[in-house]
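Data block below; observations after.
The values are calculated or read from the model by the stated rules, or taken from the named source; none is laboratory data. These numbers come from a predicted model, not from an experiment. Glycine gets a Cβ as well: all are built from the backbone with ideal geometry, and neighbour counts include every protein chain shown.
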Amino acid sequence: MIKVTNRHAAKSLTDYKISLKVLENGSEILNREIPSITLEAGKDTVISVLSVLPKQKTGKEYFLNISFSLKTDLSWAKAGHEVASNQFALSGLPTSEIKSVSNEKLVVHQDGNLFLVQGKGFQLTFDKKNGALSSYISGGKEQILSPLLPNFTRPLTNNDRRGWKPNEMLKEWYDSKPQLVSFTINKEPSGLVKVESLYELIEHKAKVQVSYTINVKGVVKVDYALKVAEGLPNIPKVGMTCGIADDHRQISWYGRDLHENYVDRRYGFDVGIFSLPIAQFMEPYIMPQENGNRTDVRWMYLSNTEQQGLLVVADSLLSMSAWPYNEAAYKVAKHWNELKESGYVTLNIDLIQMGVGGNDTWSKVAAPLEKYQIKAKNYAYRFYLCPVKMKKEQVAKDWQDLKF
């Protein structure tokens, strides 16, 4: 049941075409028009759409999009112009059937401070110095050019820089760098290889445990757990960052909208499957700053012109972004055209990032509202990494099969 209110000053809803779309795991499976409603200005009613909804399948996620558009040309818009829309979740997040893993064995050997995990057609490298996944060669192509490490900061926005100055108010998080305190790698009887790295930061007031589990197909399951002591300030963001192959500049994702969005800037940004080149995926603000984030990401695929790339699959909902620059470049450049490319694509895989705020841009009230800030407490999330060579349409069908 959907409540509809006609807020138009003069028009009856009989003047509008009503269209319904149903998405299954982000892909459209139904698109149809329903009869117009007789509803005068200022009135509301409730309509039922149950009769047109398809049967839901187990393990899939469903959304209903409703749109009101003009039937005829008017002085201010042409026929077909959309005047109102909304999206409704028909189910919860999709669930995946956890598949059994082959009992084939991976090969693990040490080369100085590097530990190599080898399987059919791939090799991963973990650096004992920083505990990070520092290389992933698949099909002869290097995927990781800058190590995957915990990250708690973002480039300052104008609201940050000129307004509430989180780099001062949340200084501990901006100044502290995770320090590796333990690193282990083990082959398990099941055939999996597990790597565990424990980091400390902020004078031992916070710890991050990152666990990598690799299966014989080369899929890497990453489990991240942050534990925080009392008394620390809010966190700019909770996540990880790495550098991936520089030619992976075509970005497809199942999440919110073509345009950048944040926890306090996402209402009206519908969930779906979208695709953009990285130049359009980012937002080229005159003064370089945080940009290009997408919220509620279920999967993101970054690929080259040969449709070969890296697929990230979430186990929940993530915030993700990508730039051909690293975070340090944003601190130096004063104008967008002064940004220097890093030679790789920075990929941010975050559980959450604080909002952008902006009640003003010059004082403490430029900060995000309290509900859009990130409290200093324990957080945990999981995602999967896998190099693939396939079209985005195939990714949209097969992404759940990565989970194990």
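Among the candidates TYR285, TYR254, which residue alone is touching a residue at least 40 places away in the same chain (Cβ under 8 Å) and assigned to a strand (DSSP E or B)? Exactly one residue qualifies, and that residue is TYR254.
Only a single criterion out of (1) outside any loop (DSSP other than H, G, I, E, B); (2) at pLDDT below 95 is not satisfied by THR295, namely (2).
When we screen THR125, THR58, THR72, THR153 for residues that are in the same structural domain as GLY357 (by TED's automatic domain parsing), of a type outside the set (A, V, I, L, M, F, W, C) and out of contact with any Ser or Thr (no Cβ under 7 Å at 6 or more places or on another chain), the only hit is THR153. Among the numbered conditions (1) touching a helix residue (DSSP H, G or I) at 6+ places or on another chain (Cβ under 6 Å); (2) crowded, with 22+ Cβ neighbours inside 10 Å; (3) not in a strand (DSSP E or B), the only one that THR361 does not meet is (2). For segment 143-197, filtered to residues that are among the hydroxyl-bearing types (Ser, Thr, Tyr) and modelled with pLDDT of 95 or more, the residue that is nearest to TYR224 (Cα to Cα) is SER197.
The residues of segment 287-302 that are closer than 9 Å to SER321 by Cβ and surrounded by fewer than 22 Cβ atoms within 10 Å (Cβ to Cβ), listed by number, are ASN291, GLY292.
Yes/no matrix, rows are residues, columns are (1) crowded, with 20+ Cβ neighbours inside 10 Å; (2) under 22 Å from the mean Cα position of the chain (by Cα); (3) not hydroxyl-bearing (Ser, Thr, Tyr):
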{"position": "LEU170", "(1), (2), (3)": "yes, no, yes"}
{"position": "LYS205", "(1), (2), (3)": "no, no, yes"}
{"position": "VAL208", "(1), (2), (3)": "yes, yes, yes"}
{"position": "THR213", "(1), (2), (3)": "yes, yes, no"}
{"position": "VAL216", "(1), (2), (3)": "no, no, yes"}
{"position": "VAL220", "(1), (2), (3)": "yes, yes, yes"}
{"position": "ALA225", "(1), (2), (3)": "no, yes, yes"}
{"position": "VAL228", "(1), (2), (3)": "no, no, yes"}
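Hey, any hits in segment 247-254 for a residue that's within 14 Å of ILE352 (Cβ to Cβ) and surrounded by fewer than 22 Cβ atoms within 10 Å (Cβ to Cβ)? Checked segment 247-254: no residue is within 14 Å of ILE352 (Cβ to Cβ) and surrounded by fewer than 22 Cβ atoms within 10 Å (Cβ to Cβ).
What about LEU39, is it of a type outside the set (Val, Ile, Thr) and modelled with pLDDT of 90 or more? Criteria not met by LEU39.
Would you check which residues across segment 371-395 are in contact with a Phe, Trp or Tyr (Cβ under 7 Å, 6 or more places away or on another chain) and in a helix (DSSP H, G or I) and list them? Once the filter is applied, which keeps residues that are in contact with a Phe, Trp or Tyr (Cβ under 7 Å, 6 or more places away or on another chain) and in a helix (DSSP H, G or I), segment 371-395 yields LYS392, VAL395.
Only one of the numbered conditions (1) touching a strand residue (DSSP E or B) at 6+ places or on another chain (Cβ under 8 Å); (2) touching a residue at least 60 places away in the same chain (Cβ under 8 Å); (3) aromatic (Phe, Trp, Tyr) is not met by TRP164, and that is (1).
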